[in-house]
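Below is one structure, written out as structure tokens; comments come after it.
The values are calculated or read from the model by the stated rules, or taken from the named source; none is laboratory data. Please read all numbers here as calculations on a predicted model, not as lab measurements. For neighbour counting, all protein chains shown are included, and Cβ atoms are generated from backbone atoms with ideal geometry for every residue, glycine included. When the accessible area is computed, the model is the full protein with side chains, heavy atoms only, and any ligands, DNA or RNA have been set aside. Shrake-Rupley method; radii C 1.70, N 1.55, O 1.52, S 1.80 Å.
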Amino acid sequence: MSKLGNLGARLHRGEIGYDFVKNRKIWYGLSILITITAIVGLAVRGLNMGIEFQGGAVFNTPKNTSVSVSQAEEYAEEASGHDAIVQKLGDGSLRIQVAGIDTGAANEIKNTLADDLKIDSEQINAELVGPSWGEQIANKAWQGLGIFMVLVVIYLAIAFEWRMALAAFVALIHDITITVGIYALVGFEVTPGTVIGLLTILGYSLYDTVVVFDSLKEQTKDITKQTRWTYSDIANRSINSTLVRSVNTTVVALLPVAGLLFIGGGVLGAGMLNDISLSLFVGLAAGAYSSIFIATPLVADLKEREPQLKALRKRVLAKRDQSAAKGETEVYEDGESYAGEPEDAAAAVVGPRNQPASRTRGRGRPSGKRR
């Protein structure tokens, strides 16, 4: 078995692990810092809305137009008095996009461009987008996002519970804010493709979160009938047991998206790919991060406010203190010894799931005296 596969198996069995829940305040602080940066960027720079949202015109020149992109951009800005975006297509034609102009001025701009580019105006194809149509597109996008959020919360509240629904909602808002903020800071154009990419990454982020929640729900059945593990301990084990799968699926998804963004959009200059590839790239990374570092630790915080689980935590910690006071030493697989158990037991001490203790001694579960 490969080293990565062996690591994933050991994480899944609980033989090793990292205490994500214990360090949740670090992740919360980091997320708040990134979110504030995104909001500041959005407030200061704003979004570069595409022609579909602002209205305007798109002019397509004939094949093999000899004028350079920079020169065509200068001509378009002089003719329209607005910023222009020019893209060179694979057949050598130019796509000249001018947002925020009246559709009535399109013919005049078209004729001026034809003179500057030294081609017949009839060879330039003009596509007009009215501002009212763009406003409808924007409203539909917001409606779609709102409906998606409502359905997500309802589904999670029914399938799991309201605390998990709330944690997932916070994680999704976190992902949206960061992605939109990056768009504002980078200055990429926001198009319907951006909205499609945004909805796609929200679904992906939700998938990662639900995988962890499902494991957590299964492992916390009858949790109050034992005094070995707190809810946070089991939440941490759920993250670790699904960690390698989450990382693998995220990396596999990011690789083709990175190809679109950095090679297609950057090296080859295929600017039309930027609007969707940036939202996918940032959103996939933010979604994987939030499912591990935000959603599950937040659920643990909310759950341990419940009286039953708060009392369970006190009993578990009291029992660990008693073991420590009596000098009962726990020996783990790596040979390191502990007197009792730490206040926030990491996944490394929880042992394999659904297996009796007698079968797991020497394989990661602590040995020694247990009550």
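General observations
- Residue tally, condition more than 27 Å from Ala138 (Cα to Cα) and surrounded by 16 or more Cβ atoms within 10 Å (Cβ to Cβ), over segment 33-61: 1
Residues checked against (1) charged (D, E, K, R); (2) part of a loop (DSSP other than H, G, I, E, B):
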position	(1), (2)
Tyr18	no, yes
Lys22	yes, yes
Tyr28	no, no
Ser31	no, no
Val44	no, no
Thr65	no, yes
Gln87	no, no
Ile96	no, no
Thr112	no, no
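- Options Ile124, Ile109: the member that is in contact (Cβ under 8 Å) with a residue 60 or more places away in the chain, crowded, with 19+ Cβ neighbours inside 10 Å and under 43 Å from the mean Cα position of the chain (by Cα): Ile124
- Only one of the numbered conditions (1) modelled with pLDDT of 85 or more; (2) open to solvent by less than 20 Å² (accessible area, probe 1.4 Å) is violated by Asp208, and that is (1).
- Residue in segment 1-15 that is modelled with the lowest pLDDT, counting only those that are part of a loop (DSSP other than H, G, I, E, B) and open to solvent by less than 40 Å² (accessible area, probe 1.4 Å): Gly14
- Here Ser246, Ser238 are screened, and the one residue that is small (Gly, Ala, Ser), at pLDDT 85 or above and assigned to a helix (DSSP H, G or I) is Ser238.
- Segment 153-192: number of residues that are assigned to a helix (DSSP H, G or I), open to solvent by less than 40 Å² (accessible area, probe 1.4 Å) and of a type in the set (D, E, K, R): 1
- Candidate set: segment 306-335, residues that are polar (S, T, N, Q) and either in a loop (DSSP other than H, G, I, E, B) or open to solvent by 70 Å² or more (accessible area, probe 1.4 Å) (or both); chosen: the one modelled with the highest pLDDT: Gln308
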